[in-house]
Each structure stands twice: as structure tokens, then as C-alpha cells.
Amino acid sequence: MITKAIKQGLTFAVVMAFLVGCSSASDKKKTTAAPAQTTTPVVQEAAPVVQEVANVVYFEFNKYDLTPEARAILLAHAEKLKGSSVAVRLEGHASEEGSREYNMALGEKRAKSARDFLVLQGVKAASLETVSYGEERPVATGHDEASYTQNRRVEIK
Amino acid sequence: MKHFLLLITMCMASYVSAQGANIIIDKGVDNPTRIAVDNFYYTGPKLSEDIGEIIRNDLNFSGLFESIPPERLITHPRTESEIRYHDFKTIKAEYLLIGGITEQAGRYSASYELFDVIQQKRVLMKITVDGSDSQLRDIAHKISDKVFETLTNIRGIFSTKIIYVEAFQRPARSRLMLSDVDGARPRQLFESKQPILSPVWSPDGTRVAYVSFESSRPAIYVQSIATGRKEQITNFKGLNGAPAWSPDGQKLAMVLSKDDNPEIYTVDLATRAFTRVTNMYAIDTEPSWTIDGTGIFFTSDRGVRPQIYKVTLATGITERVTFDGDYNARGRVSPDGKSLVMVNKRPGGNYQIAAQDLKSGNIRILTETNYDESPTIAPNGAMLMYATNIGGKGILGAASLDAKYKVRLPGKQGDVREPAWSPFF
């Protein structure tokens with residue numbers, strides 16, 4: 001009973017950590033509409049926190065290394081996926097800047113960065129599939145930085 | 001002063017209309033050759049195509065000509081003896097093209113003659129081209145080719161074709177399309193609810209290679225243009241993209257990530273043997289063969305920012321090719337092997353199309369819209385086409401390789417992207 005409480009507390013701490021990370025991320029990206037998380041974490045119930053984990057991680061322009069925010073989100077996913085054999089599809093995307101095939105490779109590298117991180121955290125590699133859509137499936141269709149910030153992403157599905 | 005003049009030429013975007021097609025000249029050459037092209041004389045009922053109009057549009061599209069339409073002509077001679085050169089000098093025409101059409105049992109014959117107004121002499125003896133009703137457009141393009149080549153010594157590209165992707169949103173849908181270079185006579189080659197990318201013509205002009213996500217993952221296909229018969233070439237885990245035909249048509253170069261990292265591979269289409277070309281923990285993609293087939297240009301971020309490199313296939317020796325700008329990608333070599341055309345961006349600048357002289361390394365910027373991409377070079381090496389975005393809509397633009405002029409093709413229903421210019425047929 002006591003250990004369970006400690007465990008819950010720990011999970012909570014992890015989630016809090018990434019929520020804080022997210023809020024600082026959205027501060028940086030002032031113009032973006034919604035990188036997924038609210039900036040004011042609600043503290044009351046600790047039980048269903050794992051379901052609140054964002055299923056999108058964002059990247060910098062032309063980069064495929066994980067930001068601290070992305071790591072925090074993926075860490076929370078890893079906790080959830082560890083030991084389970086649920087199939088997960090990691091979809092890499094890019095903003096429309098630059099050439100289409102290069103962006104296809106960029107999306108692939110992003111998806112694989114997320115995959116490698118999850119595997120390092122103990123998620124079974126066999127349960128993770130990566131696919132890149134490059135710039136072909138934008139979530140925001142504007143031709144501006146605000147849209148691009150939302151499109152440089154990996155979706156965890 | 002120079003800037004002032006440039007500004008004027010750019011502001012004077014002129015509209016040139018043709019049947020169902022409007023090209024917009026964004027930037028013209030300083031002194032385009034002025035050629036009077038009268039309507040082709042025909043006594044029968046109205047034809048399905050206006051040959052004179054198509055020729056005028058073709059010549060204007062080339063950027064090197066400014067055609068003078070029939071309503072601006074003072075007289076309308078039908079034969080050499082009827083020509084009063086003074087009437088054409090008055091309207092500053094340098095050349096005059098006249099012609100007529102006859103019909104016999106559903107076959108049409110178009111005869112034409114070309115005259116030099118300044119020297120007051122015939123340039124081309126009467127030439128006759130014939131075909132069926134559905135070939136009237138082909139007849140017009142053939143005449144344009146002949147006139148263009150006669151007056152410029154450059155082979156005309158008006159009878160060549162383009163393949164492009166037309167994308168629709170809500171619901172998402174992509175179509176692989178084939179059309180004349182002026183955008184006329186569009187025909188669908190393939191349609192999918194999933195993305196279609198990177199079409200390229202086989203060197204003999206009979207097939208197209210492209211990437212389709214129809215299986216929910218990317219795969220490379222080769223499709224016959226005439227029969228529509230389609231064959232899957234790759235279906236590896238991960239990337240299957242950027243197909244590029246070797247000059248002899250026997251191999252395809254491509255990007256695969258089957259060994260985890262995006263790398264360049266070639267496949268022998270007869271034996272289906274794959275050979276890995278690059279080996280670097282970075283993005284290597286967008287292969288494009290050298291003219292002699294001994295090497296491959298490709299885009300890589302091995303130096304952090306995307307730049308174009310060239311690998312010699314026999315030795316594996318790789319050298320960096322582009323240095324000007326912080327983003328250079330998707331290179332294509334001109335038919336004479338002298339220039340590399342690519343997507344270029346300078347720090348703080350736009351994505352534009354540039355051509356690099358491979359010997360000197362000097363680059364010239366060919367387009368200046370934002371988000372210009374996917375350059376494809378005409379088989380005569382004089383022009384290129386590219387995808388651009390005007391008012392949020394994807395359309396095609398064309399420009400000369402010497403950066404002297406720029407035109408826009410008429411928009412389509414969907415977003416038009418990734419043009420691929422055919423070889424000569």
C-alpha cells in the first residue's frame with residue numbers, strides 16, 4: 001500500500017516535470033496555437049495522468065534531435081509502453097520549407113529519433129513502426145512560422 | 001538605375017491568352033523577337049482548336065518571342081504575293097507567319113510559310129503538317145517547334161509533355177497527371193487518397209517512376225504511359241523515395257532506409273539487384289545521375305545543413321558541389337552537363353531555384369517567388385519548370401536557364417506540384 005502510493009507519487013512527479021517542460025516550450029513558440037498541453041496543470045486527481053500524455057512531439061527547423069520537452073513526453077510514453085506489446089506507429093512530419101524528398105527523409109529521421117529513445121527506455125523495438133509523411137500531411141496549413149512549428153513533429157499513434 | 005529597370009520589367013506582367021490557357025509573363029527578355037502570327041485560314045466550320053492561337057501561346061511561353069495577334073495586323077495576306085511588308089514594319093514585326101488549313105475525309109493539313117519582314121524575304125518554304133481532328137494541337141506544336149528552331153537554332157520543346165502531381169484537400173486526394181507543356185490536354189495517369197510524389201520520366205519517354213503511399217507506406221512504382229500498367233519496384237521498410245533513372249534507362253537510383261539510415265541505392269531494373277551507394281550517418285537523398293551515368297548528385301546534411309554532393313560510382317569518392325547558400329537541395333543537371341539546377345536558399349532568404357555553373361561554381365538565381373521547388377529542365381536545356389505558390393495555391397512556373405525570363409502557367413483545380421519535363425519524343 002505504501003509502495004503503491006510512492007509509485008503514484010513518482011509517476012506524478014514525472015508527469016509534472018514534462019508538463020512544466022511543455023509550458024516553457026509553448027512560451028518559446030508564442031505564435032503557435034496549441035502544442036497540445038495546457039500551461040496550467042490541474043493538480044487534483046493523480047490517477048488518470050498517464051492518459052494525458054501528449055501524443056505529439058515537436059522539433060526545431062531542419063533538426064531531428066529530441067528537445068528536452070520531446071524527451072519528457074516520450075519518457076512518459078515509455079513508462080506506459082514498457083512491458084506491453086501494443087503496436088505503436090511513429091509518424092514523422094516536416095514543415096513545407098525546402099524540398100519534398102528531403103523533408104520525407106527529415107520526417108523519417110525524426111520518427112527514428114523518437115523510436116530510438118523509446119527503445120533505449122526499454123520499449124520493445126518490434127512493437128514500434130516508423131513512417132514518414134514528410135511535408136505531405138500538415139496539421140496547420142498556413143505558410144508561416146506559426147504553422148511550421150506545429151508541422152515539424154512526430155505523432156505517436 | 002539597373003534596379004529601376006528590373007522593377008519596371010517585373011511590374012509589366014502581361015497576360016497572353018490562348019484557348020483555355022493563360023500564361024502570365026512575370027519577367028520578359030529585354031528584346032523579344034516580334035513575330036506576327038495570323039489566324040490560320042480555313043473555310044470549313046469552326047475547328048476544335050485554334051492553331052494560330054496555340055502557336056502564339058507557344059512562342060510567348062518560350063520567352064524569346066512576343067507574338068503579334070491577328071487583331072493588331074493591318075493586312076492579312078494569304079500568300080507571299082499578297083504581303084505588303086510595310087504593313088508589318090509599321091507594327092514593328094520582325095517576322096511573319098501565315099498558314100492555312102484544308103480538310104479531306106477527316107484529315108487536316110496545315111501549311112505554313114515564314115517571312116523575314118526586315119529583309120523582306122521568305123525564311124521557310126511552304127511546309128505541310130497533317131493529322132486527325134484530335135491532333136490539331138499536335139500540328140500547332142509541331143509548327144511552333146519548326147519556327148522556334150529556325151529562328152533561334154535551339155530545338156523547340158512545344159511537342160514535349162509534362163507529368164505533375166495535382167493535390168486536393170478535404171478529402172485528401174492526389175492525381176498523377178500528364179499534359180502538354182502549356183498545361184493543355186491534361187490526362188490522369190493515377191489517382192490515390194494517399195500522397196503521390198517525385199514523378200520522373202524514363203529517358204525513352206515511355207514510362208514514369210514515382211512514389212505512392214497507396215499501401216499506407218511509401219513505395220516506388222514504374223508505370224507505362226501508354227498502357228497504364230504499373231509495377232512495384234520497392235516496398236522496403238522505411239523510406240522508398242526520390243527515384244531517378246540512369247541515362248541509359250537500365251537503373252533507378254533512389255533513397256531507402258532499409259538499413260536504418262536514409263541512403264542512396266541503385267537497382268538494376270532487369271536483375272533487381274540493389275547496390276548501396278552512400279554510407280554516412282546523415283540524410284542522403286534526392287539522387288540525380290550525371291549526364292554520362294558515372295556519378296550521382298545527391299542532397300546530404302552530412303555538413304549539418306543540406307547541400308549537394310556528387311559521388312563517383314566506380315570509386316565511391318564523394319565531393320561537395322554546392323557552397324553558396326545555407327540550403328541547397330534536389331539537384332538536376334542540364335542536358336549539356338554544364339549546369340546544376342537546384343532549390344537554393346541564402347540565410348534569411350526565400351527558397352528559390354538557382355543554377356550553378358559546375359565548372360566555375362558560380363550560381364545565378366532564376367526565380368524569386370517564395371517556396372519555389374522541384375525544378376525540372378526542358379530537354380533542350382533552355383528552360384526549366386518548377387512548382388511555386390501564388391496566393392496559397394500551388395501552380396507551375398517556367399523560367400529560362402539564363403535567368404532572363406519567367407512565366408507562370410495557368411492554375412488548375414487542385415494544387416499543382418512536382419513537374420517532370422519529358423525527353424524529346
Under 19 Å from the Cα of residue B:89 - lysines, other chains or at least 8 residues apart: B:121
MRE, 222 nm, helices only [DSSP H, n ≥ 4, -39500 (n - 2.57), over chain B, to nearest 500]: -3000 deg cm²/dmol
Using alpha-carbon coordinates, inclination of helix B:2-11 to the longest axis of chain B, degrees: 80 degrees
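What's the FRET efficiency of residue B:273 with residue A:146 using the Cβ-Cβ distance as r and R₀ = 45 Å, to the nearest 0.05?
Details: r = 47 Å, r/R0 = 1.05.
Efficiency at R0 = 45 Å is approximately 0.40.
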Long-range HN-HN contacts of residue B:346 with modeled amide H, under 5 Å: B:326
For chain B: rounded, prolate or oblate by the Cα gyration tensor [a/c cutoff 1.5]: prolate
Dipole moment magnitude, nearest 20 debye, chain B about Cα centre, only Lys, Arg, Asp, Glu C-beta charged: 560 debye
For peptides B:401-409, A:60-68, sequence by mean Cβ density within 10 Å, most packed first: B:401-409, A:60-68
Part-to-part distance (alpha-carbon centres) for region A:95-142 and region B:279-314, which is given in Å: 22 Å
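Using the Cα atoms as the points, what is the convex hull volume per residue of region B:225-334 in Å³? Can you show the working numbers first?
Numbers: hull volume 13.3 nm³, N = 110.
Cα convex hull per residue, to the nearest whole number: 121 Å³.
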Alpha-carbon Rg with Dmax, taken over region B:118-271, Å: 19.8, 69
Using alpha-carbon coordinates, inclination of helix B:136-152 to the longest axis of chain B, degrees: 90 degrees
Rounded tilt (10° steps) of B:51-61 against the dominant C-alpha axis of chain B: 50 degrees
Prolate/oblate/rounded call for the protein assembly as shown, Cα gyration tensor, a/c under 1.5 rounded: prolate
Lys, Arg +1 and Asp, Glu -1 on Cβ, resulting dipole of the protein assembly as shown about Cα centre, debye, nearest 20: 1020 debye
Alpha carbon centroid spacing (whole Å) that separates region B:395-425 from region A:55-84: 40 Å
Size of charge dipole - region B:42-178 - debye, nearest 20, with Cβ of Lys, Arg +1 and Asp, Glu -1, no other charges: 300 debye
Charge dipole (the protein assembly as shown, unit charges on Cβ, about Cα centre) - positive-most of B:171, A:66, B:156: A:66
Residue B:156 long-range amide H proximity, modeled H, under 5 Å: B:149
Qualifying lysines (Cα of each under 29 Å from Cα of residue B:338; at least 8 residues distant if same chain): B:2, B:27, B:142, B:146, B:161, B:251, B:310, B:359, B:404, B:406
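Each value in this text was obtained by applying a stated rule to the coordinates, not by laboratory testing. Since we're looking at a predicted model, the values are computed, not measured. With ideal geometry, Cβ positions are generated from the backbone for all residues, glycine too; neighbour counts draw on all protein chains shown.
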